[in-house]
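Please read the structure below before turning to the comments.
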Amino acid sequence: MDFSRMNQRITFLENRTVIDEIGNHTSQWDEVYSCWANVTVKSSAETTNTGVTREIQSLSFGVRQCAFLRYVNPTTHKVLFRGSVYDIKSVTPDYLKNDYLTIVCEVRKAGGDDDIY
């Protein structure tokens, strides 16, 4: 991977449970790590189903491997990029050189948020 092409800043969000002063448990996404990435568009699709138009964009983020990124997983982390929060679909390390990770993410740009996609 050409590290000079890492010209986009991304931020990793982690899901945490917060307890307020009266004991209520709430879930929130906190910024935990920020780094430079090489961003490429994998796909961008628009579909219409039952009168609702959905636009789903898939991006691939190439980042340097570090101690924090070894523990990133799709269940507890998301990626914030240019104001959009992306769901992590896969994390693929480069076992040959151990110098970068490829993180594939997806976001719904349009359509009902409560629909399953």
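Just so it is clear, none of the values below were taken in a lab; they were calculated from the coordinates. For clarity, every value in this text was computed on a predicted model and none was experimentally measured. Here the Cβ positions follow ideal geometry from the backbone for every residue, glycine too, while neighbour counts run over all protein chains shown.
For the chain, give the magnitude of the charge dipole about the Cα centre (Cβ charges: +1 Lys/Arg, -1 Asp/Glu; no others), in debye to the nearest 20.
Computed about the Cα centre, the dipole is about 520 debye.
Relative contact order (percent) for the chain, with alpha-carbon contacts under 8 angstrom and 6 or more residues of separation? All intermediate terms of the calculation are to be shown ahead of the outcome.
Numbers: 231 pairs, mean separation 28.9, N = 117.
Across the chain, relative contact order equals 25 percent.
What is the Å³ per residue value for the convex hull set by the Cα atoms of the chain? If you can, show how the numbers build up before the last one.
Details: hull volume 14.9 nm³, N = 117.
Cα-based convex hull of the chain, divided per residue, equals 128 Å³.
Straight-line reach from K89: which lysines have Cα under 20 Å away, leaving out those fewer than 8 places along the same chain?
By straight Cα distance, K89 reaches K42, K78, K109.
Testing the spin-label approximation: label points 7 Å from Cα along Cα→Cβ at E106 and R70. State their distance in nm.
Using points 7 Å along Cα→Cβ, the separation is 2.9 nm.
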